[in-house]
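Report on the following structure.
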Amino acid sequence: MASSARQPGSPRARRLREALTAYALLLPAAFFLVFLVISVVFLIRFSLNGWDPGLGMYPSLTLSNYGDFISDPYFRGIFLKTLRLALVVTLVALVLGYPYAYLLSISRGVARNALLLIVIVPLLIDVLVRAYGWLILLGDRGLLNQTLMASGLRTEPLQILYTESSVIIELLHEILPFMILPIAAVLEKIDPSLKEAGQSLGASKLQTFLRITLPMSLPGVLAGTLLCFALSASAFVAPLVLGGGKVMVMSLLIRTQLSVLLNWPFAAAESIILVALTLVILYFYTRASRAGLNWQRA
């Protein structure tokens, strides 16, 4: 019995191979997690150090960096502005991405492949290249202003660059795929017979969508909004290039403290605060969303 259990074709051997394969596939994620934990530990330790303009960073165990950030209205304002920008981008991405995801889920053949290609192509372009592309399009002599002035709608260039609007436009281009793909994946799994049953009972297409399709697609909406909010709150290239330094967010503030002022402890504290408070917001949002899903199922 023991020898037969070790044979290559035995069920036990197959289960062992499947387990080893699963663990092997998890190795890259495990290495990433280990290095992530190590870097976070160093970041937390740096945030507790002191800093002197003449000496630089020196070893210490102090919470003064966190206290300075929380007590300063300028830093608090930048943090709130970062969250507001991320919230606006996420909501606009949801409004634009849901109809596209729905269209993608009901399309078939060549049309579906074309719609999917439009979503995936931006992911293949480097974020810096995309940002400079928008820099050219939205400039004073860019395609948008040239079109507006040639049509007579504007007599002078429209100032879009180096404003929050240009940052929002670029961020939408960057994160829309992360909103569309999760929603489309959930919509495609909805059994079409449920919609047919609703319509056979006298419900209109709008009622069927509101009572069947939309509630069942909420897990995809939850995943998409979580991804988009996290990516928007931590965005760096869009505020740097399209904002031109005039749209100050947490990522640019951390960069200034780190590379210009060389205040590493304060930059580390800002990073920890951004990550921690963003995780807290996402946690409560996830709990509220899941409570809503459970209420609908009940």
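The values are calculated or read from the model by the stated rules, or taken from the named source; none is laboratory data. All values derive from a computational prediction rather than experimental measurement. When we count neighbours, we look across all protein chains shown, and the Cβ atoms used for this are built from the backbone with ideal geometry, even at glycine.
Among the residues of the stretch 255-267, is any touching an Asp or Glu at 6+ places or on another chain (Cβ under 8 Å) and either polar (S, T, N, Q) or not in a helix (DSSP H, G or I) (or both)? Yes, the conditions are met somewhere in the stretch 255-267. If you check residue 223 against the conditions, is it surrounded by 17 or more Cβ atoms within 10 Å (Cβ to Cβ), in a loop (DSSP other than H, G, I, E, B) and of a type outside the set (Val, Ile, Thr)? It is false that residue 223 is surrounded by 17 or more Cβ atoms within 10 Å (Cβ to Cβ), in a loop (DSSP other than H, G, I, E, B) and of a type outside the set (Val, Ile, Thr). Can you find, within the stretch 155-189, the residue that is farthest from residue 106 (Cα to Cα) among those that are touching a residue at least 60 places away in the same chain (Cβ under 8 Å) and part of a loop (DSSP other than H, G, I, E, B)? Ranking the qualifying residues of the stretch 155-189, first place goes to 162.
Just wondering, is there one or more residues in the stretch 195-215 that are crowded, with 22+ Cβ neighbours inside 10 Å and either assigned by TED's automatic domain parsing to the domain that holds residue 112 or part of a helix (DSSP H, G or I) (or both)?
Within the stretch 195-215, the subset crowded, with 22+ Cβ neighbours inside 10 Å is none.
Checking the stretch 195-215: not a single residue is crowded, with 22+ Cβ neighbours inside 10 Å and either assigned by TED's automatic domain parsing to the domain that holds residue 112 or part of a helix (DSSP H, G or I) (or both).
Looking only at residues in the stretch 123-141 that are surrounded by 11 or more Cβ atoms within 10 Å (Cβ to Cβ) and at pLDDT below 85, the one that is nearest to residue 178 (Cα to Cα) is 139. Is it true that residue 34 is free of Cβ contacts under 8 Å to residues at least 40 places away in the same chain, of a type in the set (A, V, I, L, M), over 27 Å from residue 247 (Cβ atoms) and out of contact with any Gly (no Cβ under 6 Å at 6 or more places or on another chain)? Yes; evaluated as a whole, the condition is true for this residue. Once the stretch 34-55 is narrowed to residues that are touching a helix residue (DSSP H, G or I) at 6+ places or on another chain (Cβ under 8 Å) and assigned to a strand (DSSP E or B), the residue that is surrounded by the most Cβ atoms within 10 Å (Cβ to Cβ) is 51.
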